[in-house]
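Novice: One structure coming up, written as structure tokens, with questions to follow.
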Amino acid sequence: MTDTGNWGGGQDGFVDVRPRPGEAEFYDSAPTPSDSFLELRDLRVQFPTDDGLVKSADGLSFTLERGRTLGIVGESGSGKSVTSLAIMGLHKNTRARITGEIWLDGEELVGASVERVRALRGKKMAMIFQDPLSAMHPYYTVGTQIIEAYRIHNKVSKAAARRHAVEMLDRVGIPQPGSRVDDYPHQFSGGMRQRAMIAMALSCDPELLIADEPTTALDVTVQAQILDLIRDLQQEFNSAVIIITHDLGVVAELADNIMVMYAGRTAEYGPTDDIFRRPQHPYTWGLLGSMPRLDRERADRLLPIMGTPPSLINVPSGCAFHPRCNYASLTGGRSTDEVPVLHSVDGEHSVACHLTAEQRLKAWETDIKPKL
Amino acid sequence: MITFIVRRLLGAVLMLLVVSMVTFAVFFLVPRIAGQTTDQLATQYVGRNPSVTQIHAMEVKLGLDQPIYVQYGRFLKGIVAGADYDAGPDRTHCPAPCFGYSFKNQQPVWPQMLSALPVTGSLAIGAAILWLVTGVGIGVLSALKRGSIFDRTAMSAALAGVSLPIFFTALLSLAIFRDSVPLFPDAGNFIPFSESPGRWAEALVLPWVTLAFLYAALYARLTRAGMLETMNEDFIRTARAKGLSERKVVVKHGLRATLTPIVTIFGLDLGLLVGGAILTETAFSLPGLGRFAVNAITNQDLPEILGVTLLAGFFVVLANLIVDVLYAVVDPRVRY
Amino acid sequence: MKRKNAVAFAAVCAGLSLLTACGSGSSGGTGTSNNTAGAAAYNAGLNNVVNPSTKAGGTLNYALSNTPDSTDPGNTYYALMWNFSRLYARPLLTFKSAPGADGLKLIPGLATGLGKTSADGLTWTYTIQSGLKFEDGSAITTKDVKYAIERSTNYAPSVLPNGPTYFQQYLTDPTYPGAYKDTTPDKMGLKGIDTPNDTTIVFHLQHPFADFDYLVTNPQTAPVPPAKDTGSNYQTHPMSSGPYMFSTYDPNKGFTLVKNPQWSASSDPNDKQLVNTINVAFNVQAADIDSRLLNGSLDVDMDGTGVQTAARARILGNKALQVKADDATTGFLYYAALNTQVAPLNNVDCRKAIMYAVNKTTQQTAYGGPIAGGDIASTVLPPTVSGYQRADQYAATSQPNGDTAKAKSALQACGQPNGFSINIAARGDRPKEVSAAQGIQEALAQVGIKAQIQQYPTGSYYSTYAGVPNFVHQHDLGIILGGWGADWPDGFGFLSQIVDGRAIKAAGNSNLQEENNPQVNQLLDKATQTSDATARNKIYAQIDQIVMSDATILPEVYSKALLYRSPNVTNAFVTEAYGMYDYTQLGKA
């Protein structure tokens, strides 16, 4: 727990990445309602375990507007899924300790009652999970599960709900939805299951859709279809979308903004274009280097990140990435002592790194870019 | 599905045939290997101090002088086609399924088993309802409140229930609730339901509770473990993400998945019990099939042993079949 | 003769004995009660009627730890059924319903008096009361009595296999095929019995038999109307000639008796018809019977073999309970037979060595101690059988821990000064018998005799193992443990099957020691022809003494059982004829 001291006493490395007129240190004052559709302020999710405190999300802040898509990228264990579950309120009544604020359409969710958040779930915000086979109940038909989701929030007859379910299945591109509605999940193919899952999530026209690794379990061809579907539906419903993935390629086409997470903290944030063209964080470089590309020679095609993701109990001191960072030596020891502050490099584009702008530019231009 | 059932039924008949053959063989061959002759065998079915003619008459009467395969064939024929029996003044007909006449009391076996069946049935079904409701209920609550005082108390009680033998809990319950505090003075004194439902229940409450205690403990542990596993499943998270109330998440999604394997075990347990809850019936002196079986074995009464073995086997096979069919209904992923 | 457990029933059998206290002053070890009649006190039921009452009505609940061999009077060998069946099947003669030695007196049942024998002793004639009726109102005649014997185990063992066969052995026409194969039109083909009119019945014997009156106390002489005989199904509803009749019957659950409206007290002063209903439950756990007796939900333990260990401890440890108990002598002798054909026990001195060596106190403890086990035995005949004379050839009572010195000198005399090896047979499923065998083993080891215990199942002990001389010889079963009770309460009834050399059988043998002493055989014959009871009893005492001198039977205990007398029951007393409460007298308090 060498880093705890660095974070204590209200001193914080994180600042809001978006300029907020007239307010720099919002977390010091009483909670002020957010103007954004979704806003996270210094969200921390911790799990007490026998081995120590697991800090799955360690001071996250971002905003998201309707009709926009945010991609959250990181290795497994970087806290992406925990963050999304926190937004959905699914940590309530568990041992998880949650602090900070989550504002959804002017309503704060961290302090809200269980019942209130439950009423919003499925209706105002919905979620699509990674493995649709295990995420759908094996003993109920697809239709039953969609009908159930719809009827929780809409007082309609079963027949009407069923018609709605068929319609939803049709909209997500399931052929013969009138008969497939009575099939069980195991009778669907993987892609169809994910479509059904999306249909279920969208059945109440949610304004926020969180897709947690929506395509990881699918074939490559089906992946593209599902991503297209999400984009189409988003445009149709004008909802805000969060896509969580470990694969930058998935969000390249879809996301407006990208947040790169490492060890529960934001490493880099910015518009998709900026992230791909001018990535600032050595970890982001690593992620880019790990993307398979068909136009490269096999030998230098991949630039894997060295080492393993850090333990969330014993997060490395200073910059959590420093044990795996090739440029840590250039910081003169700061990377091991001081937690880097997320700071803007160009408008919305910000990074939490001790390297100077020149050092980053040089490394990117000479070491990384030519190999990508 | 139909072919599946037919195939299973044929298999069941075959299995029961094998069971009867093994029973037959154990009964006749084992003593013979140990050196017992057929007239020595017959001596067990006559009175004290019998004369040689008396023994021989019984040997012929019971057919023990015939080769074993002839005796077995006659037994099978009796089940399929019925049999005639020399009752003394006349021959009485024993209609199919005729499991023969008791070597000991000369009464047809089948009606005796039919009269014992309601006792065991009352005991098993009553106890089953009790243990299913309490066992599963406690298991669910324990799982949801894992680590709480309730959970710890319930699981300690369950451990006791699983570990304590029935004849101990049975005698304890009798000593306390019948003999010390006469809450149930008539415990174990079976009265048919049709005669007096009140006294029927009164006689059975202690046996039910005793039997159910063991199984409830087992089921509570099973349910708790199953619930803990199920509640970590992805589909439970999905159900919550839909905005379902926690009660619905637990009952409709969690319990539904947990119950499937429990239903399987339940069916098999019930099938076994209907074939005779030997310990409970013995401890409470209930005249059911289990007690009937014990007496048949003590008395070396072959037709009764065969009858009760086959009946118990039949119930187990039937329970297996029902469970398999039910499984297809309960779990849509299973198809035959 | 009744032998303990020729069949698989363990608990039922200890009560199978008939015992007698004919010997004058034979108060034996039985605790005599000096209480006034009627008061409940420990052992009050042995010599007094406890709770005497004429109160009628109510229900008596009996329970049995197994099932009876049969409820058919012509097909039972259980003493408890001989006692109980009198409620619905009246034999020609019966035992007086009275406590103490009076209970062994023969009195008329259906008959008007005891049997009249001819001068040559070859016929016995009985007259029955006229006007007697079955439960259906039809008249009871001597033809029904004759038919009952014709259909019984005596002649029709393949249909009714369980009863004794004395009539077949003693009456003329022993090859009569039985009522069910009788081709005469009225099925009266047995030449051994004549019925000159409806109230007279004459028995023709092959040889004189002085004890014949005892034979006709057997329920086999209770009348059976031929038209109502259903053979092996008759047990489900025997036609009643007594105060009660069958109302329901289930071979595994039990049966119910209700009052027989055709019965009249004036024709049957010995029996009582007090309660309205009698329920008998089969297959109740022995320990559960005790609990139910003690909590009052059960009135009578029909087994009559005494309470189990747990209940015994409770009763003896609690004065309030103890006054409701009777420590009754069962008439059983537990003994070790010393086989005369297994070397070196073919030498009488080797047998004597064992007689001396065994520690009798250990044996008494093994069988349950002085209360539940019984008194240390020193003769073959128990003190409650007529013919018993006090004797103690081997100092069993004066030196109960065994006499090692005498045992060693007996070994010298038989030429085995260093001892020998021998096997002990016992029923492995009877802990008491096994522990008795272990006691013998220990005691013998002290004089150098190495004994090995062989355990066999009760169910086939007599039919396959201990009762098969060939098997005994092959397996060197020199010492065989067993128990014995008489079929009727005199010396002949007790001795004839276990000491008569001519009774040795290839299987199902009861003369376990294979005693074949011509002197004994002759004396037994002489006794059957001696009509004077006193002279007969002298002969029995003489036989007893010869057998003890032969050292073929090592008596262990005269068995006793602790019976619980429920306060719910009126008119309770132990009948010495059956060693249990007299079931014909009980009423409900």
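The values are calculated or read from the model by the stated rules, or taken from the named source; none is laboratory data. Computed from a predicted model, the values in this text were never measured in an experiment. Backbone-built Cβ (ideal geometry, glycine too); neighbour counts: all protein chains shown.
Novice: Residue check, A:Ser203 against (1) polar (S, T, N, Q); (2) within 12 Å of another protein chain (Cβ to nearest Cβ); (3) over 25 Å from A:Leu64 (Cβ atoms), all met but one. Which one?
Specialist: All conditions are met except number (3).
Novice: Consider C:Gly304 against the criteria (1) more than 14 Å from chain B (Cβ to nearest Cβ); (2) at negative phi; (3) buried (at least 24 other Cβ atoms within 10 Å of the Cβ): it satisfies all of them except one. Which criterion is unmet?
Specialist: (2)
Novice: Given (1) in contact with a helix residue (DSSP H, G or I) (Cβ under 7 Å, 6 or more places away or on another chain); (2) without any contact (Cβ under 8 Å) to a residue 40 or more places away in the chain; (3) charged (D, E, K, R), where does A:Asp212 come up short, assuming only one miss?
Specialist: (2)
Novice: I'm trying to understand the selection: among the residues of segment B:105-114, which are facing chain C (nearest Cβ under 8 Å) and either in contact with a Gly (Cβ under 7 Å, 6 or more places away or on another chain) or surrounded by 23 or more Cβ atoms within 10 Å (Cβ to Cβ) (or both)?
Specialist: Matches in segment B:105-114: B:Asn105, B:Gln106, B:Gln112.
Novice: Just for segment C:100-139: of the residues that are surrounded by fewer than 17 Cβ atoms within 10 Å (Cβ to Cβ), of a type outside the set (Val, Ile, Thr) and part of a strand (DSSP E or B), which one is farthest from the chain's Cα centre (by Cα)?
Specialist: Among those residues, the one meeting the criterion is C:Ala139.
Novice: Listed residues B:Ile297, B:Ile236; which is among the aliphatic types (A, V, I, L, M), within 11 Å of chain A (Cβ to nearest Cβ) and in a helix (DSSP H, G or I)?
Specialist: Checking each option against the conditions leaves just B:Ile236.
Novice: Looking only at segment A:335-353, decide whether some residue is of a type in the set (Ser, Thr, Tyr), over 26 Å from A:Thr63 (Cα atoms) and touching a Ser or Thr at 6+ places or on another chain (Cβ under 9 Å).
Specialist: Within segment A:335-353 (the criterion being of a type in the set (Ser, Thr, Tyr), over 26 Å from A:Thr63 (Cα atoms) and touching a Ser or Thr at 6+ places or on another chain (Cβ under 9 Å)), the answer is yes, since at least one residue qualifies.
Novice: Please state which of the following conditions B:Asp186 fails to meet, knowing it meets all the rest: (1) under 24 Å from the mean Cα position of the chain (by Cα); (2) within 14 Å of chain A (Cβ to nearest Cβ); (3) of a type outside the set (A, V, I, L, M, F, W, C); (4) not in a helix (DSSP H, G or I).
Specialist: (2)
Novice: Taking segment A:47-78, which residues are assigned to a strand (DSSP E or B) and of a type in the set (Ser, Thr, Tyr)?
Specialist: A:Thr49, A:Ser56, A:Ser61, A:Thr63, A:Thr69
Novice: OK, next. So B:Thr92 clears everything in (1) more than 30 Å from C:Pro469 (Cα to Cα); (2) within 13 Å of chain C (Cβ to nearest Cβ); (3) surrounded by 18 or more Cβ atoms within 10 Å (Cβ to Cβ) except one condition, right? Which one?
Specialist: Failing condition for B:Thr92: (3).
Table: residues versus (1) of a type in the set (A, V, I, L, M); (2) under 17 Å from C:Met580 (Cβ atoms); (3) within 26 Å of the chain's Cα centre (by Cα).
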{"site": "C:Val284", "(1), (2), (3)": "yes, yes, yes"}
{"site": "C:Asp288", "(1), (2), (3)": "no, no, yes"}
{"site": "C:Leu294", "(1), (2), (3)": "yes, no, no"}
{"site": "C:Asp299", "(1), (2), (3)": "no, yes, yes"}
{"site": "C:Gly304", "(1), (2), (3)": "no, yes, yes"}
{"site": "C:Arg312", "(1), (2), (3)": "no, yes, yes"}
{"site": "C:Gly317", "(1), (2), (3)": "no, no, no"}
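Novice: Specify which of the listed residues (C:Tyr77, C:Tyr42) is at pLDDT below 95, surrounded by 16 or more Cβ atoms within 10 Å (Cβ to Cβ) and within 14 Å of chain B (Cβ to nearest Cβ).
Specialist: C:Tyr77
Novice: Could you list, in sequence order, all residues of segment C:274-301 that are under 27 Å from C:Ala89 (Cα atoms) and in contact with a Gly (Cβ under 9 Å, 6 or more places away or on another chain)?
Specialist: The answer is C:Leu274, C:Val275, C:Asn276, C:Thr277, C:Asn279, C:Val280, C:Ala281, C:Phe282, C:Asn283, C:Val284.
Novice: Check off (1) crowded, with 21+ Cβ neighbours inside 10 Å; (2) away from chain B (no Cβ under 14 Å) for C:Thr153 and give me the number that stays unchecked.
Specialist: (2)
Novice: Moving to a separate point now. Within segment B:115-153, which residues are crowded, with 23+ Cβ neighbours inside 10 Å and more than 28 Å from C:Asn252 (Cα to Cα)?
Specialist: B:Trp131, B:Gly135, B:Val136, B:Ile138, B:Gly139, B:Ser142, B:Ala143
Novice: Find the residue count for segment C:156-167, including only residues that are surrounded by fewer than 24 Cβ atoms within 10 Å (Cβ to Cβ) and not in a loop (DSSP other than H, G, I, E, B).
Specialist: The total comes to 1.
Novice: Which one is farthest from A:Ser81 (Cα to Cα), of the residues in segment B:195-233 that are outside any helix (DSSP H, G or I) and among the acidic types (Asp, Glu)?
Specialist: Filtering first and then ranking leaves B:Glu195.
Novice: Also: Can you name the residue in segment C:84-139 that is out of contact with any helix residue (DSSP H, G or I) (no Cβ under 7 Å at 6 or more places or on another chain) and of a type in the set (Phe, Trp, Tyr) and, of all such residues, is farthest from C:Val50 (Cα to Cα)?
Specialist: Among those residues, the one meeting the criterion is C:Tyr126.
Novice: From (1) within 14 Å of another protein chain (Cβ to nearest Cβ); (2) surrounded by 22 or more Cβ atoms within 10 Å (Cβ to Cβ), pick out the condition that doesn't hold for C:Lys187.
Specialist: (2)
Novice: If you don't mind, there's one more thing I want to ask. Being of a type in the set (Val, Ile, Thr) and within 14 Å of chain B (Cβ to nearest Cβ) is true for just one of A:Thr69, A:Thr94. Which residue is that?
Specialist: After ruling out the rest, the residue left standing is A:Thr94.
Novice: Go through segment C:199-229 and give me each residue that's within 14 Å of another protein chain (Cβ to nearest Cβ) and either touching a Ser or Thr at 6+ places or on another chain (Cβ under 8 Å) or touching a residue at least 40 places away in the same chain (Cβ under 8 Å) (or both).
Specialist: Across segment C:199-229, the qualifying residues are C:Asn218, C:Pro219, C:Gln220, C:Val224, C:Pro225, C:Pro226, C:Lys228, C:Asp229.
Novice: A further question on this structure: Just checking, which of B:Val60, B:Val18, B:Val22 is within 14 Å of chain C (Cβ to nearest Cβ) and at pLDDT 85 or above?
Specialist: The match here is B:Val60.
Novice: For a quick check of your reading: which strands (runs of 3 or more DSSP E) sit entirely within segment C:168-260 and have at least 1 residues that are under 30 Å from C:Gln285 (Cβ atoms)?
Specialist: Hits in segment C:168-260: C:244-250, C:254-259.
Novice: Taking the condition touching a helix residue (DSSP H, G or I) at 6+ places or on another chain (Cβ under 7 Å) and either more than 9 Å from chain B (Cβ to nearest Cβ) or surrounded by fewer than 24 Cβ atoms within 10 Å (Cβ to Cβ) (or both), does A:Ala160 pass?
Specialist: no
Novice: Here's something else I'd like to know. Going residue by residue through segment B:30-40, is there one that turns out to be at the interface with chain C (Cβ under 7 Å from one of its Cβ atoms), assigned to a loop (DSSP other than H, G, I, E, B), without any contact (Cβ under 8 Å) to a residue 60 or more places away in the chain and among the hydroxyl-bearing types (Ser, Thr, Tyr)?
Specialist: No, every residue in segment B:30-40 fails to be at the interface with chain C (Cβ under 7 Å from one of its Cβ atoms), assigned to a loop (DSSP other than H, G, I, E, B), without any contact (Cβ under 8 Å) to a residue 60 or more places away in the chain and among the hydroxyl-bearing types (Ser, Thr, Tyr).
Novice: When only residues in segment C:232-252 that are within 14 Å of another protein chain (Cβ to nearest Cβ) and surrounded by 21 or more Cβ atoms within 10 Å (Cβ to Cβ) count, which is farthest from C:Gly58 (Cα to Cα)?
Specialist: Here the residue is C:Ser232.
Novice: Further question: Return yes or no: is B:Ile262 more than 8 Å from every other protein chain (Cβ to nearest Cβ) and without any contact (Cβ under 8 Å) to a residue 60 or more places away in the chain?
Specialist: In short, no.
Novice: Can we say A:Leu64 is crowded, with 17+ Cβ neighbours inside 10 Å and over 21 Å from A:Ser311 (Cβ atoms)?
Specialist: yes
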